[in-house]
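Working notes for the structure below.
Every read-out reported here was derived from the displayed coordinates using simple, explicitly stated rules and does not represent laboratory data. Predicted, not measured: the structure shown is a model, and the values here were computed from it. Cβ placement follows ideal geometry from the backbone for every residue including glycine, while neighbour counts extend to all protein chains displayed.
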């Protein structure tokens, strides 16, 4: 009945829209994460950006990415460098504390 009328083109079209929606949700999480992790934004600015993104989601995210996309990239790079430094420090501490052969 319904499944018989639902053709391949409609299935592909539905999958396409699902993935666009999924990408949109991921972008929304990245923007909110960047808003709340940004040390260069004050509390009022974080509230304003959050309200704009909540009330005007598509326009708010689009404007945020245009206005602060470079800062988003800088924050991501700094976070990756901090993680790498922590990983290297852990590896050094494990190697230094490893007992020598029997």
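Based on the alpha carbons, how large is the Rg to Rh ratio for the chain when Rh follows Kirkwood?
Working: Rg = 22.3 Å, Rh = 17.5 Å.
Ratio of gyration radius to Kirkwood radius: 1.27.
For the chain, relative contact order (Cα pairs under 8 Å, six or more residues apart, normalised by length) works out to 19 percent.
Remark on the range 33-88: hydrodynamic radius 12.2 angstrom, per the Kirkwood mean of 1/r across alpha carbon pairs. Sorting 85, 5 by the number of Cβ atoms found within 10 Å of their own Cβ, with the fewest placed first, yields 5, 85. Taking the helices alone, the chain has a mean residue ellipticity at 222 nm of -29500 deg cm²/dmol, built from -39,500 (n - 2.57) per DSSP H run of at least 4 residues and averaged over all its residues.
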